[in-house]
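Here the structure is laid out as structure tokens; the discussion comes afterwards.
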Amino acid sequence: METKLSSLTQEVVIGYAHPTVLIGERINPAGKKKLAAAIKTGDLELIRQEAIAQVASGANVIDINVSVTGVDEAAVLPLVVALVASAVEVPICIDTHNPKALISALEIYRGKPLVNSVSGETHSLETILPLVKKYGAAVIALPQNDAGVPETAAERIKIAQFIIERAMAIGIPIEDIIVDSLAMTVGAVPEAGVITLETIRGVKASIGANQTLGASNISFGMPDRHLLNDAFLATAITAGVTCPIVDAAK
């Protein structure tokens, strides 16, 4: 099971038989006031520097999210995607839930990007999957549906299978679908880490798709976050995560 992403000059292969691929998470304004302000004012130099620094630290793919209140995401996202593509050679993960912004970014990207993300929610399946197919991208599948995020691993695996079936029905191969088992904070739900790990193991055993994870979500609101993140990420990779979304410098 190999998922292949590419930029204009570089290909990255994700798979259980390959080294772990790191998706750099830093270009995301959530919780980053300086970055959010830069996106609002159109000062994109900070983003360019961040992309270069992440690749220097070991990121194999760069995730780009420019969702800031008051910003025209459909206008800004393609500008940032083009900027990052000119600054680094690694493939890009286009991180948006805005269909118009996604289209504008996919239209200018040269290569095969990763789309972050599609869920089992009706509106997501109906709007995102056709775009993934049309532009030949790969996509991250989130095992949640119109009822929310399931509390059990079995339910999450079932939704992941449903998303994959819907994707394959319109011609998206399973190799182009990466499952995110959804790390939730243990500060709110103590068993959240165990549920996520059970989901990861189940996806690997029953589906075999490649897997990603926003590992730092596990530690929101907790002390010594870096220690918890490190331990959880190592365990998640052992369980089956092949391309975690991380701060590569850490």
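Considering all C-alpha pairs of region 166-233, those separated by over 14 Å amount to 61%. Within the straight-line cut-off of under 18 Å between alpha carbons, the lysines reachable from Lys250 are Lys32, sequence neighbours fewer than 8 places apart in one chain being disregarded.
To the nearest 0.05, how large is the calculated FRET efficiency for Glu11 and Ile170 if R₀ is 25 Å and r is the Cβ-Cβ distance?
On the way: r = 24 Å, r/R0 = 0.98.
Once the sixth-power term is evaluated, E becomes 0.55.
Long hydrophobic helices in the chain, taken as whole DSSP H segments with a C-alpha length of 15 Å or more on their own axis and mean Kyte-Doolittle hydropathy at least -0.5: 45-56, 73-87, 122-135, 153-169, 192-206, 225-239. Ranking Ser119, Ser206 from most to least accessible surface, computed with a 1.4 Å probe over the protein chains only, gives Ser206, Ser119.
On average, how much accessible surface per residue is there in the chain, in Å², for a 1.4 Å probe, leaving out ligands, DNA and RNA?
Value for the chain: 44 Å² per residue.
Shown here is the pair-distance distribution of region 119-250: with all Cα-Cα distances grouped in 10 Å bins from zero up to the longest one, the shares run 13, 43, 32, 11, 1 percent.
Convex hull of alpha carbon positions in region 24-77: directionally averaged projected area 3.5 nm².
Only one item in (1) 16.9, 47; (2) 26.4, 92; (3) 19.5, 60 matches Rg and Dmax of the Cα atoms in Å derived from the coordinates shown, and that item is (1). Counting 0.36 nm for each residue step from Arg48 to Glu2 and taking away their Cα separation leaves a gain of 13.6 nm. Solvent exposure of His97, expressed as accessible area, is near 140 Å², computed with a probe of 1.4 Å over the protein chains only. Extension gain, His123 to Glu89: 0.36 nm times the residue separation minus the Cα-Cα distance gives 8.9 nm. Rounded to the nearest 500, the helix-only mean residue ellipticity at 222 nm of the chain stands at -13500 deg cm²/dmol, with each DSSP H run of n ≥ 4 adding -39,500 (n - 2.57). Taking every C-alpha pair closer than 8 Å and separated by at least 6 residues, the mean separation divided by the residue count of region 1-125 gives a relative contact order of 28 percent. Per residue, the average separation of C-alpha pairs within less than 8 Å and at least 6 apart gives the chain a relative contact order of 21 percent.
Take every Cα pair under 8 Å whose residues are at least 6 apart in sequence, average their separation, divide by the length of region 1-67, and the relative contact order is 37 percent.
Each peptide in 196-202, 153-159 receives the mean, over its residues, of other Cβ atoms within 10 Å, and ordering these scores from highest gives 196-202, 153-159. Rounded to 0.05, the FRET efficiency of the Lys33 and Phe162 pair, given R0 = 45 Å and the Cβ-Cβ distance, is 0.75.
The values are calculated or read from the model by the stated rules, or taken from the named source; none is laboratory data. Since this is a predicted model, take the numbers as computed values, not measurements. In this analysis, Cβ positions are derived from the backbone assuming ideal geometry, glycine residues included, and neighbour counts consider all displayed protein chains. Accessible surface is based on the protein model in full, side chains and every heavy atom, while ligands, DNA and RNA are left aside. Shrake-Rupley method; radii C 1.70, N 1.55, O 1.52, S 1.80 Å.
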